[in-house]
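The values are calculated or read from the model by the stated rules, or taken from the named source; none is laboratory data. What you see is a predicted model; the values in this text were computed from it and never measured. All Cβ positions, even for glycine, are placed from backbone atoms using ideal geometry, and neighbour counts span all protein chains on display.
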Amino acid sequence: MKRSLLKLACFLYVITSMSAVAAAEPLRVVASFSIIGDFARQVGGEHIELTTLVGPNSDAHVYSPRPADAKAVARADVVLVNGLSFEEFLSRLVKASGTRAPVVELTRNADILNDPKGGHYHFINGEAVFHATPNDPHAWQSIANAKMYVQNIAEAFCAADSTNCAEYEANAAAYNETLSALDTQIRLTIADVPKDRRVGVVAHNAFRYFERDYGVTFLSPQGVSTASEASAADVASLIREIRNKRAAAVFAENISDTRLVRQIASEAGLELSGALYSDALSTASGPASHYTDMMRHNAQTIATALAAD
C-alpha cells in the first residue's frame, strides 16, 4: 500500500513538474518589423520569445526574407504584421514557411487614410510594375492608431496564451496610458511652431498620419512606398511645390539614402535639418530605439527645424 502511494506521489510530481515547465515556455512571437517588435515587447514582456524580421534602420518596403526568417515563422505561435500591403515580402514568406500560426494584421480597426495616388510602382527586372494599394500603411505614425495596434496584440496574445492574459491586458493598458501622455506632449511641442511655418519635406510619403493628427504638412518626391523611384519630373514638381508652399525644412529618413533629399534641399535653397524615423526604429544606441522615443524624437526634430528662422 505504501509502495503504491509512493508511486502515485512520484507520478503526480512528474506530471505537475512537466505541466509547470510547459506553462513556463514563452509564447513564440514573430514581428514583421522593428516598430511592431517594440509594441509586442511592451505587451508580452517576459512571457514572449520575440523574433523581429526587419530590424532597426531597415526598410520593410524592399526587404528580402532569409531562410532563417522562414524557420522563425514556421515555429511561431503568433505572427504580427502591419498589413495594408506594407510588408510586400510577407505572403510569400508565410506560404513558404508552412506555418499554422495566426497572422494578425495590427491595422485592423485603426483609422486608416487612403493612398492619395491609389498605389505605387515596383521595379522588377528593370520593368515598372504598378501595385494598387488604396490605403496608406504607415498608420503607426498616429498615436491613436498605435493604441489600436497594442489592443490587437493583447487580444492575439490572450487568444494564444490564456494563462497570462491578465498580464498582457495590464501591460497593454499601462502602455496605452504612456502613449496618451506622449500624444499630449507632441501636441504641445508642435503648438510652439507658427502655423505658417508648418511645412517640411521628407524622402517618402510616410508621415501623413502625423500630418493629420498634429497639423504639419509634409511634401515628398516619393509615394507611400520606397520601392517606387522619384523621376526628374517628380523632383522638379516638388521643388516648385516647396517654393509655393514655403517649406521651412528638409528632413532625411533613417531608412533612405540621403542623396535625393540633399539634392532637393540644395535646389530649394534649404539646409538638411536632421533625420526622422519613419518605417523603422534606431539601433539601441540611437535616439529612437523604442516607439515612444521615435515619436518624441521626430516631433522635437520637426518643431526645432520648422520654428528656426
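Applying the condition of being outside any helix (DSSP H, G or I) and over 14 Å from the mean Cα position of the chain (by Cα) to segment 1-47 and asking which residue is modelled with the lowest pLDDT yields M1. For the residues D115, D69, D59, the requirement of being of a type in the set (D, E, K, R) and in contact with a helix residue (DSSP H, G or I) (Cβ under 7 Å, 6 or more places away or on another chain) singles out D69. For segment 70-91, the set of residues classified as hydroxyl-bearing (S, T, Y) and not in a loop (DSSP other than H, G, I, E, B) consists of S91 only. The residue of segment 161-175 that is nearest to D293 (Cα to Cα), among those that are buried (at least 18 other Cβ atoms within 10 Å of the Cβ) and within 22 Å of the chain's Cα centre (by Cα), is Y175.
Taken as a whole, the condition of being closer than 30 Å to R243 by Cα, touching a residue at least 12 places away in the same chain (Cβ under 8 Å) and in contact with a Lys or Arg (Cβ under 7 Å, 6 or more places away or on another chain) does not apply to D192. Among the residues examined, R208 qualifies as closer than 20 Å to L113 by Cα and of a type in the set (K, R). Remark: A101 matches the filter, which requires a residue to be part of a loop (DSSP other than H, G, I, E, B), touching a strand residue (DSSP E or B) at 6+ places or on another chain (Cβ under 9 Å) and over 23 Å from D136 (Cβ atoms). Scanning segment 48-69 for residues that are in a helix (DSSP H, G or I) and either among the acidic types (D, E) or under 15 Å from the mean Cα position of the chain (by Cα) (or both) yields A60, H61, V62, D69.
Applying a threshold of 6 Å to beta carbon distances and a minimum spacing of six or more residues, or different chains, the list of pairs starting in segment 74-95 at a residue that is on the phi > 0 side of the Ramachandran plot and ending at one that is assigned to a loop (DSSP other than H, G, I, E, B) reads G83/T107; L84/T107; L84/P137; S85/T133. Taking the criterion of being modelled with pLDDT of 95 or more and of a type in the set (S, T, Y), no residue of segment 76-90 qualifies. When A203, A233, A268 are screened for being within 26 Å of S85 (Cβ to Cβ) and surrounded by fewer than 20 Cβ atoms within 10 Å (Cβ to Cβ), only A233 passes. The one condition from (1) among the hydrophobic types (A, V, I, L, M, F, W, C); (2) at pLDDT 95 or above; (3) surrounded by fewer than 20 Cβ atoms within 10 Å (Cβ to Cβ) that L106 does not meet is (3).
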